[in-house]
Structure formats: structure tokens, C-alpha cells
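Data first, discussion second: the structure below is written as C-alpha cells.
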Amino acid sequence: MKNFWNPLFNCFERISRFGAVLAEISLVLLLLLVFNEVIARYVLNKPTLYSVELSEYLLIFVAFMAAGWVLQEDKHVKMHSIVNLMPEKVKHILDICTSGIVLIFCIILVWQGGKSSVMAFAGGYHSSSLLNVPLWIPYAIIPLGSLILALQMLVRIGRLIWPPINSDNL
């Protein structure tokens with residue numbers, strides 16, 4: 001059974017890493033955009049019309065695309081004060097249960113975010129700014145990032161239930 005899941009888990013982890021790379025690229029673009037706006041506004045006294053809106057979209061993109069990788073690296077914020085007082089078996093069961101709850105939440109975000117994106121696409125919704133961005137594009141970031149996080153959560157749950165075999169223990 002473990003041999004079946006490992007290639008699938010590895011594929012999901014590659015997707016999470018790809019999302020992280022996209023987030024890193026977007027973070028660099030965000031840095032350049034804000035730097036450009038500071039120079040344009042305070043040095044040239046000619047602020048841009050697009051920097052605030054684009055920086056908002058990039059910030060959302062960075063947060064949602066990196067979420068799966070952050071989970072993969074086990075770097076999400078945790079509350080250890082009470083959990084550390086519990087026996088290892090209880091911690092393990094709680095970890096599986098909380099991961100399942102997060103997975104359900106991610107599935108809801110994918111479903112509802114997808115509905116919002118489709119509605120914005122079908123309705124031809126655009127931002128009210130001069131950029132006139134089709135809103136289905138930024139709306140789609142939430143279900144896409146939530147899907148990546150959900151896939152990585154499946155990996156986490158799978159690895160909690162079926163821990164990988166360590167070759168040092170053989």
C-alpha cells in the first residue's frame with residue numbers, strides 16, 4: 001500500500017514546491033513594483049496608477065501559493081503549550097484529526113473560491129480601477145492555492161498514517 005502512495009505523495013510535494021517557486025518570483029516582482037512606486041512617487045513626484053492594485057494581487061498570490069510548501073516544511077504556526085503535555089500517541093491522533101479538519105477547510109475554500117471565480121468569469125466582472133483587471137484571475141488564486149495546500153495536507157495525513165520506511169532501520 002505504501003508503494004502506491006509514495007509516487008502520488010512525491011507528485012503533490014513537487015506541486016507544492018512549484019507553488020513556492022511561483023511565490024518567490026512573485027515576491028521579487030512585488031519588491032520591484034513597490035521600489036518603482038517609491039521612486040516614482042517620492043523622487044519623480046509622479047505616482048503610478050497600477051502599483052497598489054497589482055501589489056495587492058501579488059501579495060495574495062504569494063500567501064496562497066506558498067502555503068503548501070510551508071506545510072511541507074512544517075513551518076506553519078503551531079500552539080505547543082498544551083499539546084506538549086500529552087502522550088505521544090494522543091499527539092499523533094490529534095495531529096491526524098487537526099490535519100483532517102484543515103483538509104476539510106481547504107476543500108471548502110477550493111469549492112467556494114472556484115464558484116466565485118466561475119461567477120466572476122461568467123459575469124464578466126472587472127476591477128473598478130483603471131487597470132480593469134478581470135476579477136476571475138485574482139479570485140482564482142484562492143482556490144488554486146487552497147488546492148495545493150489540500151494536496152499537501154493529504155500527503156501529511158498519509159505520512160502520519162503510513163510513515164515512510166527509513167532505509168537506516170532496515
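Here are the numbers:
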| read-out | value |
| --- | --- |
| Percent accessible area from carbon and sulfur atoms, the chain, protein chains only, probe 1.4 Å | 72 percent |
| Relative contact order for the range 21-69, counting Cα pairs under 8 Å that sit 6 or more residues apart, in percent | 53 percent |
| Candidate values [x] 124; [y] 134; [z] 158, label of the one derived for volume of the Cα convex hull per residue in Å³ | [z] |
| Pairs of Lys in the chain closer than 27 Å at Cα, counting only those 8 or more apart or on different chains | 7 |
| Cut-off under 5 Å, modelled amide H: who pairs with HIS126 long-range | LEU135 |
| Ranked by how many other beta carbons lie within 10 Å on average, peptides 8-15, 90-97 from highest | 8-15, 90-97 |
| Span from the the range 1-41 Cα centroid across to the the range 43-82 one, whole angstrom | 11 Å |
| Ranked by how many other beta carbons lie within 10 Å on average, peptides 40-51, 74-85, 146-157, 101-112 from highest | 146-157, 101-112, 40-51, 74-85 |
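The values are calculated or read from the model by the stated rules, or taken from the named source; none is laboratory data. The structure displayed is predicted, hence computed values, not measured ones. Neighbour counts run over all protein chains shown; Cβ positions are idealised from the backbone, glycine included. Protein only, heavy atoms only, side chains kept; ligands, DNA and RNA dropped before computing areas. Shrake-Rupley method; radii C 1.70, N 1.55, O 1.52, S 1.80 Å.
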